[in-house]
Amino acid sequence: MSSPTIRLGLRDWDHLVPLMSGRVQVPGFQVEIDARDVTPDVLAEPGLDGGETSFSRYVRARAAGDDRLVGLPAFVMRGFRHRCVLVRADSPLRSFEQLAGARIGLTGWPDSGNTWTRALIRAAGVDLSGIQWRVGPLAAGEVGKDRLGDRPLPRHVSAMAEGESLVGELAEGRLDAVLTPFMPTEFFTPDSRFRHLLDDHPAAERAYWAATGFVPGIHLVTLKREVVEAHPELPAALLAGLEASKRHWLERRRLLADTTPWLLHALTESAEVFGEDWMPYGTEPNAAMTRAFCEELHAQGIAPEPIDPAVVFPLPSAAVVPAA
């Protein structure tokens with residue numbers, strides 16, 4: 001009897017390549033991964049059994065009673081957000097505190113990453129309602145993303161006009177800063193018009209880690225509820241496969257580190273600061289981060305009511321990652 005085929009839509013994160021290539025298997029299942037350029041809308045695609053999903057979108061849906069997706073505590077995208085605030089190269093702004101009353105553009109209002117970034121600004125004592133927020137694409141022509149969410153925007157938040165872009169508005173001085181998870185193309189050139197707000201964002205990120213003990217989660221893996229009901233053993237098996245893929249990737253990168261000039265240094269430093277695993281899978285290792293995110297969604301008005309973190313990961317089988 002053949003194993004059930006499970007089709008997932010995921011972006012081609014390095015740590016998923018062993019699973020994508022078949023080097024790592026999920027016992028009892030034939031997992032097919034459809035590599036995507038952008039995050040898929042799992043529920044909108046009948047051909048998908050699951051895939052990469054925005055943490056914010058998933059948590060807000062679960063809190064509202066929508067259980068069509070079952071999340072695994074496997075955050076395939078996570079990262080510090082201190083680096084995600086850009087200003088012009090000639091800007092006098094160099095701290096979160098200086099953003100009070102500023103004009104700030106961002107790539108999506110309810111987005112997970114931008115929620116975490118606004119949390120940093122809020123923690124610096126800045127009133128988020130005193131900022132003029134504008135929502136739009138990083139570069140002109142970018143489409144295929146829900147930037148505004150399903151709730152009315154606060155009065156201090158507006159959508160950019162068609163044809164406008166965050167990069168263009170920042171360059172022209174109509175914005176003071178931009179929140180973006182991805183850097184514009186010119187950021188990687190010596191004559192870039194933009195820089196990070198913080199002069200030493202790695203130092204700020206180290207301090208954040210010391211204070212919180214986690215790296216913020218942005219996207220996680222979800223499965224459709226009917227798939228889980230048909231294969232109740234799938235969540236634990238897939239979680240174990242994702243863990244094995246991550247570990248295999250790390251072992252190979254430490255051996256084949258010459259893919260960037262300083263990757264070995266980054267891998268060594270990461271192990272020194274974070275220990276063996278800076279992106280742990282499992283419910284308990286992510287409990288503090290999940291709780292903080294739920295609190296922040298409500299504090300920023302993205303979620304109308306407080307969110308019980310217990311609704312996020314409902315499966316006991318997903319509570320612990322089986323040993324690799």
| request: With unit charges on the beta carbon (Lys/Arg positive, Asp/Glu negative), name the residue among Ala211, Leu72, Ile6 whose Cα is farthest towards the positive pole of the charge dipole of the chain. | output: Ala211
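Charges at C-beta only: +1 for Lys and Arg, -1 for Asp and Glu. How large is the resulting dipole of the chain about its Cα centre, in Debye rounded to 20?
Computed charge dipole of the chain: roughly 280 debye.
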| field | Overall dimensions of region 168-214 by Cα: Rg and Dmax, Å | value | 13.6, 39
| request: Counting only C-alpha contacts under 8 Å and six or more residues apart, can you give the relative contact order of region 8-127 as a whole percent? | output: 23
| note | Dividing the surface of the Cα convex hull of region 236-318 by four yields a projected area in nm² of 7.4
| Can you list, bin by bin at 5 Å, the percent of alpha carbon pairs in region 56-211, starting at 0? | 1, 9, 17, 22, 20, 15, 10, 4, 1, 0
| message | Leaving out ligands and nucleic acids, and using a 1.4 Å probe, what accessible area per residue does the chain come to in Å²? | response | 48
| message | If packing is taken as the average count of other Cβ atoms within 10 Å, what order do 80-86, 38-44, 106-112 fall into, highest mean first? | response | 106-112, 80-86, 38-44
| For region 94-160, what mean projected area does the convex hull of the alpha carbons give, in nm²? | 4.8
| What are the extents of the Cα atoms of region 129-189 along their three principal axes, listed from largest to smallest and rounded to whole Å? | 38, 27, 20
| Apportionment of accessible area to carbon and sulfur, the chain, percent (1.4 Å) | 53
| query | Who wins for biggest fluctuation among Pro235, Pro181, Pro190 in a Gaussian network model of the chain, springs between alpha carbons below 10 Å? | reply | Pro190
| Value of [θ]222 nm, deg cm²/dmol, for the chain, DSSP H segments ≥ 4, -39500 (n - 2.57) each, nearest 500 | -9000 deg cm²/dmol
| In a GNM of the chain with a 10 Å cut-off on Cα contacts, which of Pro18, Pro184, Pro285 has the highest mean-square fluctuation? | Pro184
| remark: Over all directions, region 122-263 yields a Cα convex hull whose mean projected area in nm² is 13.6
| query | Quick one: Kirkwood hydrodynamic radius for the chain, alpha-carbon pairs, angstrom, one decimal? | reply | 20.8
| field | Three-way shape label, region 1-130, alpha-carbon gyration tensor, a/c 1.5 | value | prolate
| region 206-245 shape via C-alpha gyration tensor axes, a/c threshold 1.5 | prolate
| Per residue Cα convex hull volume for region 196-290, in cubic angstrom? | 144
| Among Thr53, Gly141, Ser129, whose Cα lies farthest out toward the positive end of the dipole of the chain, if unit charges sit on the beta carbon of Lys, Arg (+1) and Asp, Glu (-1)? | Ser129
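The values are calculated or read from the model by the stated rules, or taken from the named source; none is laboratory data. None of these values were measured; they are calculated from a predicted model. Cβ coordinates were reconstructed from backbone atoms using ideal geometry, including for glycine residues, and neighbour counts include every protein chain displayed. The protein model used for the area step is the full one, side chains on, heavy atoms only, and it has no ligands, DNA or RNA in it. Shrake-Rupley method; radii C 1.70, N 1.55, O 1.52, S 1.80 Å.
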